[in-house]
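The values are calculated or read from the model by the stated rules, or taken from the named source; none is laboratory data. This one's a predicted model, so the numbers in the text were calculated from it and none came from an experiment. Heads up, the Cβs are rebuilt from the backbone with ideal geometry, glycines too, and the neighbour counts pull from every protein chain shown. Ligands, DNA and RNA are stripped out before the accessible areas are found, and what is left, the full protein with its side chains, is counted by its heavy atoms. Shrake-Rupley method; radii C 1.70, N 1.55, O 1.52, S 1.80 Å.
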Amino acid sequence: YINLDGEVAIPLTYKNAYSFSEGLACVEVKANKYGYINEKGEVVIPTTFDVAKSFSEGLAVVKKAKKAMVIDKDGEIIYTLPKNQEFYGKEYHDGLICVINDRDGDWWSDYDQKCGYLDTKGEVAISFIYDDADDFEDGIAYVEKNDRIFCINTKGKEVECED
């Protein structure tokens, strides 16, 4: 990382280092483990995750030992997804994150997979009824159901799509 004057602000000690988001940046160490540093370069969440995404709305999606979960900025686990669910979205938008649910848990058939949205506590906010779904942006998300693409609001109600 370099500062606005072009000087090294945080030494090049990581295999990969990602952009800062909400004061933290995801970094990868040699053992393909991820954690988070602050703007001083201090490790604030240890590099123990197999996968880690940027923070948004105070939360980040991570994976450890094949368990997908959400953590807060202290590294505390807020919730863990069951084995038949995976994060479809990479981060929270408008208090929701897109998740794909596989009804029978075998992950082989798209027919059994439906998208829905969880809130920041991991509770189902919008049911798993969509064949495909995008992240929310300004309170609206594109979804697909039965070969029809349309928009919904954060309550799951169909609304007019904005250009």
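Quick one: which of A141, A68 is of a type outside the set (S, T, Y) and either more than 23 Å from Y18 (Cβ to Cβ) or in contact with a His (Cβ under 6 Å, 6 or more places away or on another chain) (or both)? Before you say what the answer is, go through the steps one by one.
Numbers: A68 fails: either more than 23 Å from Y18 (Cβ to Cβ) or in contact with a His (Cβ under 6 Å, 6 or more places away or on another chain) (or both).
Criteria check complete, one pass: A141.
Residue by residue, here is whether (1) more than 29 Å from G23 (Cβ to Cβ); (2) in a loop (DSSP other than H, G, I, E, B) holds:
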residue: K83; (1), (2): yes, yes
residue: Y117; (1), (2): no, no
residue: I129; (1), (2): yes, no
residue: C151; (1), (2): yes, no
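Taking the condition of being among the aliphatic types (A, V, I, L, M) and exposed (fewer than 14 other Cβ atoms within 10 Å of the Cβ), how many residues in the range 125-158 meet it?
Counting residues in the range 125-158 that are among the aliphatic types (A, V, I, L, M) and exposed (fewer than 14 other Cβ atoms within 10 Å of the Cβ) gives 1.
Looking only at residues that are open to solvent by less than 50 Å² (accessible area, probe 1.4 Å) and of a type in the set (S, T, N, Q) in the range 1-55, which one is nearest to K67 (Cα to Cα)?
Checking each candidate, the answer is T47.
Kindly indicate whether any position in the range 98-107 is open to solvent by less than 30 Å² (accessible area, probe 1.4 Å) and in contact with a helix residue (DSSP H, G or I) (Cβ under 8 Å, 6 or more places away or on another chain). Can you show your working first?
So in the range 98-107, the residues open to solvent by less than 30 Å² (accessible area, probe 1.4 Å) come out as 98-102.
Cutting the leftovers down to in contact with a helix residue (DSSP H, G or I) (Cβ under 8 Å, 6 or more places away or on another chain) gives us 102.
Scanning the range 98-107 turns up at least one residue that is open to solvent by less than 30 Å² (accessible area, probe 1.4 Å) and in contact with a helix residue (DSSP H, G or I) (Cβ under 8 Å, 6 or more places away or on another chain).
For a quick check of your reading of the model, give me the residue pairs whose first member lies in the range 26-38 and is without any contact (Cβ under 8 Å) to a residue 60 or more places away in the chain, whose second is charged (D, E, K, R) and open to solvent by less than 40 Å² (accessible area, probe 1.4 Å), with beta-carbon atoms closer than 6 Å and at least 6 apart or on different chains.
From residues that are without any contact (Cβ under 8 Å) to a residue 60 or more places away in the chain, the pairs are Y34/E28.
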